[in-house]
1. Given 5 Å bins starting at zero, what is the percent of C-alpha pairs of the stretch 55-211 in each, up to the one with the largest pair distance?
2. If you look at just the Cα atoms of the stretch 84-162, how large are its Rg and its Dmax in Å?
3. Using only the Cα atoms of the stretch 135-247, what do you get for the radius of gyration and for Dmax, in Å?
4. Residue-wise, which Karplus ³J(HN,Hα) couplings in Hz belong to the stretch 227-233, taking 6.51 cos²θ - 1.76 cosθ + 1.60, θ = phi - 60°, and x for glycine or proline?
5. Taking a spot 7 Å from the Cα of residue 61 along the direction of its beta carbon, which residues of the stretch 87-127 have an amide N less than 18 Å from it?
6. Which order, highest average first, do 229-235, 141-147 follow once you tally other Cβ atoms within 10 Å for each residue and take the mean per peptide?
Amino acid sequence: MGGARRAGWVAAGLVLGAGACYCIYRLARGQRPGGQRLRLRSSRSAEDLTNSSYDDVLNAEQLQKLLYLLESTEDPIIIEKALVTLGNNAAFSTNQVIIRELGGIPIVGSKINDPNYSIKEKALNALSNLSVNVENQIKIKVQVLKLLLNLSENPAMTEGLLGAQVDSSFLSLYDGHVAKEILLRVLTLFQNINNCLKKEGHLAKPAFTKGSLFFHLYGEECAQKMQALVNHPDADVKEKVTIIPKF
């Protein structure tokens with residue numbers, strides 16, 4: 001349970017951070033000092049690529065092989081190594097674009113639902129590095145929101161999610177101009193949390209600190225946004241808002 005709860009906090013940080021995109025769990029890797037040149041790898045088998053060191057930058061063909069391996073294998077050791085290699089390569093701007101164009105974000109994102117905590121953690125690290133690219137950020141919100149929705153259905157995770165410290169920009173996800181897919185997901189997140197609180201029998205507001213997810217979701221600003229969404233032009237969004245119970 002402790003590992004799952006920690007994963008929930010990490011996932012919450014990925015979505016709920018500054019700008020609702022920036023990952024607070026991001027590894028501080030950056031470029032190596034001294035302007036060291038990076039080595040490009042020659043053609044190798046997909047499994048060989050999982051043994052890459054940090055200074056090895058894979059080309060598009062090699063990244064494609066690695067993504068195929070990640071998608072096709074069920075071996076947890078290979079999955080973990082592939083995610084580490086992808087995460088290391090995703091620290092470089094060129095590969096952030098290549099991985100997105102190869103369809104790699106959903107492949108990596110699917111691993112955040114893996115029951116193996118180590119695999120989940122490494123998938124989050126890879127998404128963290130990929131999220132530095134602005135065009136990647138929307139795709140990665142979508143992926144992590146899927147995990148958050150799963151977590152929000154579990155009453156045992158409610159306290160951890162609500163206690164996560166988040167930036168006030170999280171509430172911008174409830175603006176009417178946000179893409180329907182994302183808006184419906186964050187509304188469902190709110191609905192799930194409400195349902196879990198009811199199941200747990202919380203009749204009074206628990207003690208959460210200022211800046212927590214609870215502080216933002218049950219504050220006046222969010223209430224105003226919910227009221228505005230009642231008049232949203234999309235019928236699905238309007239219906240979702242009206243069935244969210246009051247806390």
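1. 1, 9, 16, 18, 17, 14, 11, 8, 4, 2, 1, 0
2. Calculated on Cα positions, Rg and Dmax stand at 13.0, 41 Å.
3. Rg, Dmax (Cα atoms, Å): 13.5, 42.
4. Going residue by residue, I get 5, 5, 6, 4, 9, 5, x Hz, with x marking Gly and Pro.
5. The answer is 95, 98-99, 102.
6. Values: 229-235: 12.3, 141-147: 21.9.
Averaged packing, sorted descending, gives the order 141-147, 229-235.
FYI, it's all coordinate maths here, none of it is from the lab. Keep in mind it's a predicted model, so treat the numbers as computed, not measured. Using ideal geometry, Cβ is built from the backbone for each residue, glycine included, and neighbour counts are taken over all protein chains shown.
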